[in-house]
Amino acid sequence: MSKKVLVLTGGGDCPGLNAVIRGICKRAQQEGGWEVIGSLEAYNGVLSDPMELVALEGAKIAGIHVRGGTIIGTTSKGGPFSWPVLSADGTYGSIDRSDEMLQLLEKMGIDAVISIGGDGSQRISQKLFEKGLKVVGVPKTIDNDLSATDYTFGFQTAVQIATDAFDKLVTTAESHHRVMILELMGRSAGWIALHTAIAGGAEVCLIPEIPYDIDKVLARVNGRYKNGKGFVNVVVAEGAVQKHGTAFARKSAEAGYENVRLGGVAYQLSQQLKDAGCQADIRETVLGHVQRGGSPIAYDRILALQMGVKSFEMVLDNDFGKMVAFKNNEIIAVPLLEAIKDYNFVKTDSYIVKAARGLGISFGD
């Protein structure tokens, strides 16, 4: 009788998710005697009635490592500890279905679960592990904000997409003597913005970890103009904040979605510059979900495939309650508690920040 491992992808989508799935399935095939089952849209596939599950084998996984997104879907809503329920008055509440889900997994004969997701998904993994679930985590986020791993797959692809966009904005900024503001994802961490600013050669890079002074940003902008001619390219992370200010965010009206929605800081920054006296024409580009989509670059495919293989080997070794991590060019296992303990902010005294300053990039401070 074969053993069964349940695989799911949770949180935002990310280039490389399918590569992880393929790595798991290929390693399981090498071992033999294992069924790999996908739960559609994270744990929601198990909790749905009827269940939404798919066998991950054969043609289903052939060549998927080059595809963006995830063939088993993903979601940031619902989940075993916060299942949305519509009340009689038309508002949504939530209930805890974790015990029910564990019973369902036992009835299904699931021997282990591999959860591919970011910070929120791995917090769920830890809570389920504490309830007795044999679970292994795989870190997923374009934001690179999990501290237990040097890099998360999908991050380098997001940076490449952002850099390609930045390069295109440079030429139009120069042609029209404009200030071009490029807003990038990252939530509360500035990794994508920082790497893109360095790769593209930005004059200004604003990240959440370094609150900016609009007068200093304006001074840098003005320093690039002479007799009304010149151009400036600014990269701003979606979670960037002005000194003594707060992130440009709003609460989502979507049922079961608990995170605040970031986005729009580029327009806020544009208005702040105008209010401060900026005379140059300003244009804003919010790259948005383009950064999440498309085929993963080779680096992320390789990293994701390695993590997929490692996660299944952790199942074989009964090494549960842990997450795959990439540390010092090695693929290792770290406790989930360590993985979710600290948010991976950009350290303001790190060499990459010092290098950016050495290149003349202004952080507005």
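No value in this document is a laboratory result; all are computed from the given coordinates. Because the structure is a prediction, the values reported are computed rather than measured. Virtual Cβ from ideal backbone geometry, glycine too; neighbours counted across all protein chains shown.
Just name one of Gly264, Asn227, Leu169: the one whose Cα is farthest towards the positive end of the charge dipole of region 156-291 (beta-carbon charges, Lys/Arg +1, Asp/Glu -1). Highest projection toward the positive end goes to Asn227.
For region 66-193, the normalised intensity computed at q = 0.22 Å⁻¹ comes to -1.30 (log10 of I(q)/I(0), Debye sum over alpha carbons, equal scatterers, no solvent). With all pairs of separate Cα atoms included, the chain yields a Kirkwood hydrodynamic radius of 21.6 Å. Normalising the average separation of contacting C-alpha pairs (under 8 angstrom, six or more residues apart) by the number of residues puts the relative contact order of region 118-268 at 20 percent. Each label was represented as a point 7 Å from its Cα along the Cα-to-Cβ direction; for Asn318 and Asp213 these points are 6.1 nm apart. Please give the charge dipole size of region 267-361, origin at the Cα centre, charges +1 on K and R Cβ atoms and -1 on D and E Cβ atoms. Round to the nearest 20 debye. Value, rounded to 20: 220 debye.
For region 156-291, lysine pairs with C-alpha atoms less than 25 angstrom apart, excluding pairs fewer than eight positions apart on the same chain, total 11. When only alpha carbons are used to place a centre, region 286-365 and region 94-147 end up 19 Å from one another. Each of Cys14, Cys25, Cys205, Cys278 was scored by other Cβ atoms within 10 Å of its Cβ. Listed from fewest to most, they are Cys278, Cys25, Cys205, Cys14.
Scaled against the 2.2 N^0.38 Å expected of a compact globular protein of N residues, the Cα radius of gyration of region 156-291 reads 1.03.
Applying a DSSP loop filter and a limit of 12 other Cβ atoms within 10 Å to the chymotrypsin sites (Phe, Trp or Tyr not before Pro) in region 139-168 leaves nothing. Computed about the Cα centre, the dipole magnitude for the chain is approximately 740 debye when only Lys and Arg (+1) and Asp and Glu (-1) carry charge, each at its Cβ. Size descriptors for region 286-365, from the alpha-carbon set: Rg then Dmax equal 17.2, 50 Å. At a Förster distance of 22 Å, what's the computed FRET efficiency of Ser94 paired with Lys127, Cβ-Cβ distance as r, to 0.05? Once the sixth-power term is evaluated, E becomes 0.95.
With the cut-off at 1.5 for a/c, could you classify region 103-156 from its C-alpha gyration tensor as rounded, prolate or oblate? Prolate is the answer for region 103-156, as a/c is 1.5 or above and a/b outweighs b/c.
Arranged from fewest to most other beta-carbon atoms within 10 Å of their beta carbon, Met51, Met323 become Met51, Met323.
Applying a length cut-off of 30 Å (Cα extent along the axis) and a mean Kyte-Doolittle floor of 0.0 to the DSSP H helices of the chain leaves 155-176.
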